[in-house]
Amino acid sequence: MTNGKKNTVSVLFLFFSVLFCVCLITANVLETKQISIGMFNITGGLLVFPVSYIINDCVCEVWGYGKARLLIWLGFAMNFLFVAFGAAADAIPGAPYWHNDEGFHAVFGLAPRIAAASFVAFLVGSFVNAYVMSRMKISSEGRNFSLRAILSTVFGEGADSLIFFPLALYGVVPTSELPIFIVTQVVLKTVYEIVVLPVTIYVVRKTKQIEDEDAYDTDMNYSVWKVLSV
């Protein structure tokens, strides 16, 4: 159990939940564009996807692993609905006057292999991130939030990339390129976390003050399936 005083959903937690889902869905859409930042060629999703890990850190730090687990499954469900409805609309023949099938398909016609890899990688990476954040908070007695936020991102994003790229791209791109993709993604997303860390620290501090919450998961059951045990 955590030391939370209530088992209800606050307005701030609702806000974080909505933002989390919006970031995941937005990342799906932006993934269809390839962009260049300096020497790196990345997908547009990298602009927003790391925000979901930052929100994960904030929720786990303030409300505990149980609420983070609920948030992860909620994000998964909303993302699945978005992809499912997009795929259904893409499969339905367009009207005779509609001439943008190719563009619509490029955005919403996510290949089943890519979708499956994305869903599995998201679940594993998010739960690894939340678990590391929770366990490190207990072991450090609540100190060193910056270190915990960065390391949880490294482990979470590492697990995400180690699963996504082999599942999604094995046999599509040269095998020798996969480690480069994985390392590049982890490094860039970790740098992203470090750059916005002052904002994350401020948001966590203010949220703790407003909510009067600072959870420690001392007796937590870390099973990913106990969705409603918050």
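Residues in the stretch 59-73: is at least one acidic (D, E), in contact (Cβ under 8 Å) with a residue 60 or more places away in the chain and either in contact with an Asp or Glu (Cβ under 7 Å, 6 or more places away or on another chain) or open to solvent by less than 50 Å² (accessible area, probe 1.4 Å) (or both)? Yes, the stretch 59-73 has at least one match.
Y131 meets the stated requirement of being modelled with pLDDT of 95 or more, open to solvent by 50 Å² or more (accessible area, probe 1.4 Å) and either among the acidic types (D, E) or closer than 30 Å to S146 by Cβ (or both). Considering (1) in a helix (DSSP H, G or I); (2) open to solvent by 40 Å² or more (accessible area, probe 1.4 Å), the lone condition that V224 does not fulfil carries the number (1). If the condition is being touching a residue at least 60 places away in the same chain (Cβ under 8 Å), in a helix (DSSP H, G or I) and either open to solvent by 40 Å² or more (accessible area, probe 1.4 Å) or in contact with a His (Cβ under 8 Å, 6 or more places away or on another chain) (or both), then the stretch 189-212 contributes Y192, V203, K208, I210. Sub-6 Å Cβ pairs linking a first residue in the stretch 82-107 that is in a helix (DSSP H, G or I) to a second residue that is among the charged types (D, E, K, R), at least 6 apart or interchain, are H105/D90, ordered by first then second residue. Looking across the stretch 159-188, the residues that are under 17 Å from the mean Cα position of the chain (by Cα) and either small (G, A, S) or not in a helix (DSSP H, G or I) (or both) come down to A159, S161. Residue count for the stretch 74-118 satisfying the condition of being within 17 Å of C23 (Cα to Cα) and either in contact with a Pro (Cβ under 7 Å, 6 or more places away or on another chain) or surrounded by 15 or more Cβ atoms within 10 Å (Cβ to Cβ) (or both): 12. Scanning the stretch 134-158 for residues that are open to solvent by 10 Å² or more (accessible area, probe 1.4 Å) and among the β-branched types (V, I, T), we see that the one that is farthest from the chain's Cα centre (by Cα) is I138.
When the stretch 14-54 is filtered for residues that are within 16 Å of M78 (Cα to Cα) and of a type in the set (V, I, T), the ones remaining, listed by number, are V18, V22, I25, T26, V29. The number of residues in the stretch 8-61 that are among the aliphatic types (A, V, I, L, M), closer than 23 Å to F155 by Cβ and in a helix (DSSP H, G or I) comes to 9.
The values are calculated or read from the model by the stated rules, or taken from the named source; none is laboratory data. Note that the structure is a prediction, hence the values are computed from the model and not measured. Methodologically, a virtual Cβ is constructed for each residue, glycine included, from the backbone with ideal geometry; neighbour enumeration extends over all protein chains shown. We work out accessible area using only protein heavy atoms, side chains counted, and drop any ligands, DNA or RNA first. Shrake-Rupley method; radii C 1.70, N 1.55, O 1.52, S 1.80 Å.
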